[in-house]
Each structure stands twice: as C-alpha cells, then as structure tokens.
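S.K.: What follows is a single structure, and I will ask about it in a moment.
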Amino acid sequence: LSFATPQSAKIRGGALEVKRLLKVDSSGLEQWTLAFKERFPLSAPMLRSAFAALDLRPIATRRGVYDFEEFLSEVGSNDEPMQAVEVKKTRHQFMYRDCAAEFDRVHIGPVARESFCIESEDPSKVIAALQEMGLDPHANINFPKGIERALALSTRAG
C-alpha cells in the first residue's frame, strides 16, 4: 500500500503488478489499466519503472537485483513510500448479465472482509447489472482503499 498515490501495486504469481487509475466517471465507476508487470527477481531499473508507474519517487536501491524476500524487506519497510500488507483472498468468479463478476472472502492481516466486484468494458452493462441487484455504483470502493479501511478498523479495534 501507499497512501501517497491512488495507484495500486500487488505481488501475485511471482510478479509485481502495478495498476493505474485512469478515470472515475460520473457514476462512480473506475477504469484501471495495467502499467507494469515483471516477475521476480527485479533489477534496479525495473524497480525504478515500477515506482514511476506508481507515481512515487524511486527508492535508493542497495542492490542490482532484488528477489522477492529482499524486495519485501527493503521496499516494504516502514521507512519507504510503500507498505507491505499480506492479503489472502478466496475468489468465486462468475458471469452476470454479460459482465465478469467476483465474490471474494479476504483476510487482511487479522481482519476478514467480503468483497464483490463486477466488471465490463461497457460501463452501461455494469450500471444495469448493479441496478438490477439494487446496488449503488457510487458506493464503489476499489481494492486498495478497501485494504486501507480494513487496516484502519483493525488499528482502532486493537
């Protein structure tokens, strides 16, 4: 996580992925795009590219190449602009009204949450599907913001 940028970074399947928020429309729907994806180990120039995709000042690299553990140790520390957060997700994917949909059970540290997502390149299909389910698109919370909120609740509860 990074509170300094709206962009999103995650490590999945041995790769670091960065998604950039392109726009939020008047209905509250968000459009994201993949801006960076590379498998570990990551070279220092690759890390600079990832930080640029995140709109963050690059860290001072101490190595020429970073494996997964080195990346988490140095880049995900409290002194850097990104914070590593372990997230475990069980997803159930399906199609609904010609949209890709997903129901997730998520564990963010000690906090358990449920999440629902519906996606399409055609925003009108998403709006129609949400309306049919009685959901408000303006209540949209993207995954990074959901993690931040869950961690804030965990901090207040603890």
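The values are calculated or read from the model by the stated rules, or taken from the named source; none is laboratory data. Just so it is clear, the structure is predicted and the values come from calculations on it, not from any experiment. Positions of Cβ are backbone-derived with ideal geometry, glycine not excepted, and every protein chain shown enters the neighbour counts. For accessibility, only protein heavy atoms count, side chains too; no ligands or nucleic acids. Shrake-Rupley method; radii C 1.70, N 1.55, O 1.52, S 1.80 Å.
S.K.: Restricted to the stretch 58-75, and to residues that are in contact (Cβ under 8 Å) with a residue 12 or more places away in the chain and either part of a loop (DSSP other than H, G, I, E, B) or basic (Lys, Arg) (or both), which residue is nearest to Thr5 (Cα to Cα)?
M.R.: The residue in question is Ile59.
S.K.: What are the residues in the stretch 112-133 that are touching a strand residue (DSSP E or B) at 6+ places or on another chain (Cβ under 9 Å) and of a type in the set (S, T, N, Q), if any?
M.R.: Correct list: Ser115, Ser120.
S.K.: Turning to a different aspect of this structure: Please state which of the following conditions Arg57 fails to meet, knowing it meets all the rest: (1) closer than 30 Å to Pro123 by Cβ; (2) in contact with a Pro (Cβ under 8 Å, 6 or more places away or on another chain).
M.R.: Answer for Arg57: the failing condition is (1).
S.K.: May I pose another question? Ala52 versus (1) among the aliphatic types (A, V, I, L, M); (2) open to solvent by less than 60 Å² (accessible area, probe 1.4 Å); (3) modelled with pLDDT of 85 or more: which is the lone unmet condition?
M.R.: (2)
S.K.: Only one of (1) in contact (Cβ under 8 Å) with a residue 40 or more places away in the chain; (2) in contact with a Leu (Cβ under 7 Å, 6 or more places away or on another chain); (3) not hydrophobic (A, V, I, L, M, F, W, C) fails for Asp55. Which number is that?
M.R.: Asp55 satisfies all of (1) in contact (Cβ under 8 Å) with a residue 40 or more places away in the chain; (2) in contact with a Leu (Cβ under 7 Å, 6 or more places away or on another chain); (3) not hydrophobic (A, V, I, L, M, F, W, C) except (2).
S.K.: Hey, another quick one. Exactly one condition in (1) within 22 Å of Leu151 (Cα to Cα); (2) more than 14 Å from the chain's Cα centre (by Cα); (3) not in a loop (DSSP other than H, G, I, E, B) is not met by Leu16; state its number.
M.R.: (2)
S.K.: Also, quick follow-up: Being assigned to a helix (DSSP H, G or I) and not hydroxyl-bearing (Ser, Thr, Tyr) narrows it down to one residue among Glu132, Glu121, Glu114, Glu102; which is it?
M.R.: The conditions single out Glu132.
S.K.: Step by step: first the residues of the stretch 96-113, then only those that are out of contact with any Phe, Trp or Tyr (no Cβ under 9 Å at 6 or more places or on another chain) and not charged (D, E, K, R), then the one that is surrounded by the most Cβ atoms within 10 Å (Cβ to Cβ). Which residue is that?
M.R.: Initial filter on the stretch 96-113 (out of contact with any Phe, Trp or Tyr (no Cβ under 9 Å at 6 or more places or on another chain)): 96-99, 105, 107-113.
Narrowing the set further to residues that are not charged (D, E, K, R) leaves 96, 99, 107-112.
Working: Tyr96: 15, Cys99: 18, His107: 14, Ile108: 21, Gly109: 15, Pro110: 10, Val111: 17, Ala112: 11.
Among residues in the stretch 96-113 that are out of contact with any Phe, Trp or Tyr (no Cβ under 9 Å at 6 or more places or on another chain) and not charged (D, E, K, R), the one surrounded by the most Cβ atoms within 10 Å (Cβ to Cβ) is Ile108.
S.K.: If you don't mind, another one. Among Lys145, Lys89, which is in a strand (DSSP E or B) and either open to solvent by 30 Å² or more (accessible area, probe 1.4 Å) or at pLDDT 90 or above (or both)?
M.R.: Lys89
S.K.: Can Ser77 be described as modelled with pLDDT under 90, over 17 Å from Phe40 (Cβ atoms) and not aromatic (Phe, Trp, Tyr)?
M.R.: On the way: modelled with pLDDT under 90: yes; over 17 Å from Phe40 (Cβ atoms): yes; not aromatic (Phe, Trp, Tyr): yes.
Yes, satisfied.
S.K.: I'd like to check something: does the stretch 62-82 contain any residue that is at positive phi and either of a type in the set (Gly, Ala, Ser) or exposed (fewer than 15 other Cβ atoms within 10 Å of the Cβ) (or both)?
M.R.: No: zero hits.
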